[in-house]
Every structure is written in structure tokens, then in C-alpha cells.
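Working notes for the structure below.
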Amino acid sequence: MKIKLTFWRVVFVIILILGAWGTVVRFTQGLGAATNLSDQFPWGIWIGFDVLCGVMLAAGGFTLTAAVYILNIKRWHAIVRPTVLTAFLGYVLVCVALMFDLGRPYNIWHPLIMRNPHSVMFEVAYCVMLYTTVLALEFSQIVLEKFKLEKPLKFIRGALIPLVIVGVILSTLHQSSLGTLYLIMPTKLHPFWYSPLLPVFFFLSAIAVGLAMTIFESSISSKVFHRQLELPILQELGRVLYIVLWVYFVLRLEDLVNRGEMHSIFVPGYEMYFFWLEILLALIAPMILLSIRSVRNSPGGLYLSAVLVVLGFITNRLNVSITGIESWSGLHYVPKWTEYSITAAIIAVGFALFGLAVKYLPIFPEEKEHGTVATHESAVEPASVFVANAGN
Amino acid sequence: MSKAILYDATLCIDCKQCEAACAKQNNLPYDDKIAAEEVQSAHKFTVVLNKNDKYMRRLCMHCDEPACVSVCPVGALQKTALGPVTYDAHKCMGCRYCMAACPFGQPKYEWGSLNPKIQKCIMCPDRVAAGLPTACAEACPTGATKFGDRDALIQEARDRIRQNPNNYLPHIYGVEEVGGTSTLLLSSAAFEQFGLPSPKSLPSDPLPMYTYRVLSRIPDFVPLGGIFLGGVWWITHRREEVAAAESAETEEKHNGGAR
């Protein structure tokens, strides 16, 4: 096999080399040399981006499986597999990122036998561990299909609905709990972001980002893998996204009013700029775009809205974990190059694994027409049989 | 009975004997260079700060309901019945949530180590258990740092303020802050200028309450969520079966009006 030298492959290799270099620094010299973290600022982008955003960006998995298997929206089935793949890769990479951030990564298994149920981190650890297992099982049917292992395949398909239900519960718990993590810091986190509703905000925004990521990832896939765009599905996802954004917007506004922060969000300052950047990207811009019917129905409009929502809520997570803590800590945290390079390498590996999976595994339905027809034909069959059919 | 450390800044002479005794007790290096360091760190659990000849000692507050203990996923940090908040490095996985959660910024980290530990004042738990005062209290030549029963020390602090109201701020730092602490501070100068959170900014609720309110709902949420999702699944699929059966019937009758 001959490997062609393309621009993106060169970029990929450079990112991997820098990431490997960063990894060497991290594991030979410690966190102090590999990060700009300090006693005043113990959590940086490996927590704020790699973990908080990583888990959020993988939320499409539980959103889509809930919609397709629980709410029985079969029209959306064609995009379940790539979404589950994204989620599975996302969670695996979050765990990889944790191995960099934990000071004693070889003790990562400790929560299994040393339990403190009062700790949000303990709960998140269990949920992430169990949900990654659920995703692995959901994903395993694709691999089993590929290798035609009928017996375990039948077993997984039979257990699919309970698996999906468990996955949705676990996701609801830990997506919201990543917000709960910050409830213990009422004196540290800036009042723009500290709210008793943090868990609710984290959960709702995870759903919004899950939908947006699905739109984003389908749009990219259709270009990269030269597939026909699943436009009718994306239009529906866009409408649901629009509603979720409204719910989030109203709650967020109500919360700011209740906590008496309405005046301070108009007083210029460091936090104020980042607050408005987040609100503009995550809410105002995409909500205006999605409110226009022609934009909401066009591939480009949907894509742009989805990208804005994703960027906006990434800003939100970074605001909660970094911007909002800076004034308490009394210093300005700028990540070191190693923090960037390792993060970039993890993302790059994620993209590469996605590409490999699409190449070697039955991720996408073979033909769009077939997929749609199958949806109608199998409408009568029990869900588990349907699941088996529609991915083919 | 719960023990406590009372530090009275008006009696302090900035001799740093407490720093030296603390270092010795915890097998940490201590020399003139370290004595000059005006920050707490992984190798300096306590520090005497000097702002315009007003002194303040910083050390772990040993909260009655510590945020660090509640957030530690593996229970490496523990609040002992006598008062000290202790740390077991063998359990720790280095997530640093304790550092992020502590309202006083007390847990410090060995950033340069490949096997890093959390470091902070642990209130000499072995000495305390043996009925001895902490090393710092024993070393203090003026009685500025005093070790004893918490209730008795609070009473004594109140008496000191009452007898010399002009010498003190009318506040014992640690009686109510975040639900009470086992380190109590008296001062004539504002606590904030020594990096302590202002007493007004700290809630009198213990911080673990803030997360517990949410976490305590999980045991109910899991079964209810399961039943709810299972119910929705049943309804959506049942509806579909019924619709399918109906349309099959309709077809059999060759009759379009049945729907």
C-alpha cells in the first residue's frame, strides 16, 4: 500500500510528533514542567477542555440513541452509528487525557475499591467508566457484524434497549455532574457562572452540543467520505436544537435575574467579555440563524449554526473551568505549549481513528435510498430486529 | 472532644519558630532561604506573614466539614474526630479536586515530582492523638499559637476580645466560616490582606452541602429514570405495533375509511 503525502497528513504527523514530545516531558519531568498549573491554579485545559469539553462533545451518543431507540424516531437511525462511534472515541480519549492530567495516573483504578460517595468526582468516575463500557458494547455490534460473529451479536442486540436506557441514565448523571463539580466553589467561581443550576445547564448544553455535533459530524462526513448528506434528518435535528437552545436561554436568563447579576453583565471587564463571547456564540447567533426558515433548512446554515453552538459551549466550559476561576486565583493562566500539543495530538488521534473506523467497519448505511426504504419496511418489527437491519 | 489551634496575631512576634517546628515535625528542610519564603507550598505548610508589622499565620483551617474531604473521590483526605484533616498518599490519584475545592487554597502540590503528593498542614495527628499539643503550638514562645479544646479556645478568644476590645477585630475567624474550623484566628488587621477569604464572602453552611444537595438525589433518580425511560420505550413501541395492526386490518378489509 502506498501512502500519499497530502497536506492534512503532514499536519497530522507534525501534531503527533509535538504530542509525543509533550508526552515525554510530562512523564519524565512531571506536571510542573509540562503545564503552567500551580498551587493557585490546579486545573487547566486538560480538565477544562479535554475532559469537560470532551465529555460534552461526545453527548451525541446518548442524545441520539435515546431519540432513536427510546422515543422510536426511526427516521434518524441512519446517523446513529457514526454518532455512537464519535461518542465512544470521545470517551476513550477523555480517559487518555485523564492519564496525562492525574498526578498519579497508575492509581486511576483506585475509585473501584476506595469509595467516597460524597464526592462528585467519585460519581463522575463511576459514570464515565460504566458509560464507556456501555458505548463499547453498543459499538461492539458494528465490529461483530463486520466479522460475522452471529452469537455475541444476537446477545448484544437483545440487550440493546436496556443498554441504551442505562447509557442515558449514566449520561444524564455525569453530564450534569460535571457542572456539580463546581458547586463546591461558591467563593471561587465568578458569579456569571456559579449557579445552583450548574448541573442543569451542563446537562441541557450537553444535549444541545450532542445535536450540534451530530449535524457537524454528518456534514463533514458527507464531504470527506463523499456521501449524500442526510439533509431531512439534519433539518429535524436543527429544529430540536433550536428548541433546546431556547429552553437553555430562558433558564440562564432567569437564573441571572434571580441571582441579581443582570447589572454586572453589562459592566465592562475581563469576565464580561468572555461571558458575552460565550452567549453570542452559543445562544444569540445560532438562535437567530435557526429562527430563519431558509437558513434552518439549508445545509450551510445548519452547519454554521452547529459550529457556533459547539464553539459557544466550548467557551462556556472554559469559562467555568478557567476564566471564572482566574480572579480568585489572582493570576492569569495561559497553557504551556505541552498542554496544547498533547491536547492537539489527542484530537488528531480521534479524527484518525474515526477515519479508520469508517474505512474498515460498517459505520454508514451503504446507500442512502436503501437506508430510507429499510426504515419504512422494518417499521413493524420489534426494535432489536430493526436495529440489526438498518445499519446494513 | 474536638481540638483546635488558636492563633492570636496580636501576641505574635514573627519569630517563625512555628515554621521551623512544623518543618522539623514533617521532615521538611528549613533554612534561612525557606524562612524568607512568604508563601505556603508543598515544602512549607505554614507561614507567618508580615504586612506593615501586622502578622498573620497561615495554615490549614481544618474545617469541621472540609470541602477537600468531601470531594476526594478515593477518601485520601479524612477529618479525624479530634480535629485534624489528614492525608493518605497511598490512596491519592492526583486529581487535585481538593485543591480546586478548598476555599482557603490550602492543599499544595509537588509539581516537580513524578509521584506527586498533596501537601498541607495535617495538625500533627500523631501528637494530638497522644495528647500532645501540635509542634507549632509547643514551639511558640509567646502563646500566640495555642492548642487545646475547641470550645475552651473559642471561650478564651471571646474573653480576650472582651477584655481588650481595642486590640482586636470583633471577630473570631473560624467559629462560623464554612460551618466552623479547627483553626481559629484572632487579628487586629483585616484578614483579607493576608490572603484569607473575607469572613463576609464565606457562607456559614459547610461547603459539602452544596454538592450533597444534588448528589443525594441520585439514588432516587436512577430507578425513576429507568422506569420512565422503559415506560417511554414501551409506549412508543406499543403505539407502533397498534398502528401496524390497524393498518393491516384496514388492508384486509380493502376499505380506506377505517382510519
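Averaged over the residues of peptide B:214-223, the number of Cβ atoms from other protein chains lying within 10 Å of each residue's Cβ is 4.
If I model chain B as equal point scatterers sitting on the Cα atoms and use the Debye formula, what is log10 I(q)/I(0) at q = 0.14 Å⁻¹? Once normalised to I(0) and log-transformed, intensities are -0.96.
Each principal axis of the Cα cloud of the protein assembly as shown was evaluated for its coordinate range; sorted largest first, these ranges are 102, 59, 51 Å. Computed over chain B, the per-residue total of -39500 (n - 2.57) for DSSP H runs of n ≥ 4 gives a 222 nm mean residue ellipticity of -10500 deg cm²/dmol, rounded to 500.
The calculated 222 nm mean residue ellipticity attributable to helices in chain A amounts to -21500 deg cm²/dmol, summing -39500 (n - 2.57) over DSSP H runs of n ≥ 4 and dividing by all residues. Projecting the Cα positions of A:71, A:295, A:170 onto the charge dipole of the protein assembly as shown (unit charges on Cβ atoms of Lys, Arg, Asp and Glu, taken about the Cα centre) puts A:295 furthest along the positive direction. Within the listed set B:179, B:230, B:131, the Gaussian network model of chain B (springs between alpha-carbon atoms below 10 Å) gives the highest mean-square fluctuation for B:230. Residues A:216, A:351 in ascending order of nearby Cβ atoms (within 10 Å, fewest first): A:351, A:216. Using a cutoff of 8 angstrom between alpha carbon atoms and counting only pairs six or more residues apart, the relative contact order for chain A works out to 28 percent. Take every Cα-Cα pair in the range A:203-319 and report what % of them are more than 17 Å apart. Counting every Cα pair in the range A:203-319, those more than 17 Å apart make up 55 percent.
In this model, which of B:79/B:108; B:79/B:117; B:91/B:117; B:24/B:120; A:74/A:146; B:51/B:108 are farther than 20 Å apart at the alpha-carbon? Cα-Cα > 20 Å for A:74/A:146; B:51/B:108; rest within. Going from the residue with the fewest nearby Cβ atoms within 10 Å to the one with the most, B:151, B:88 rank B:151, B:88. Residues considered: A:283, A:253, A:64. Largest GNM mean-square fluctuation over chain A, using C-alpha springs under 10 Å, is found at A:253.
Excluding same-chain neighbours fewer than eight residues apart, the lysines reachable from residue A:148 by a Cα-Cα span under 22 Å are A:359. Within the listed set A:125, A:59, A:282, the Gaussian network model of chain A (springs between alpha-carbon atoms below 10 Å) gives the highest mean-square fluctuation for A:125.
Within 10 Å of the Cβ of each residue in A:170-177, the mean number of Cβ atoms contributed by other protein chains is 2. For the modelled label position 7 Å from the Cα of residue B:13 along Cα-to-Cβ, which residues of the range B:144-186 have backbone nitrogen atoms closer than 15 Å? Output list for this probe position: B:144-145. The residues A:226, A:110, B:43, when put in order of fewest to most other Cβ atoms within 10 Å, stand as A:226, B:43, A:110.
Membrane-span-like helices in chain A, defined purely by DSSP H runs whose alpha carbon atoms cover 18 Å or more axially and whose average Kyte-Doolittle hydropathy reaches -1.0, are A:7-29, A:80-101, A:120-146, A:160-180, A:198-224, A:231-258, A:299-318, A:337-360.
Rounded to the nearest 20 debye, the dipole size of the protein assembly as shown about its Cα centre is 920 debye, using +1 on the Cβ of Lys and Arg and -1 on the Cβ of Asp and Glu.
Relative contact order, whole percent, for chain B stands at 24, derived from Cα pairs under 8 Å and 6 or more residues apart.
Here, each number is a calculation from the coordinates, and none is a lab measurement. In this text the structure is predicted, and so the values were computed from the model without any measurement. Cβ: placed from backbone, ideal geometry, glycine included. Neighbour counts: every protein chain shown.
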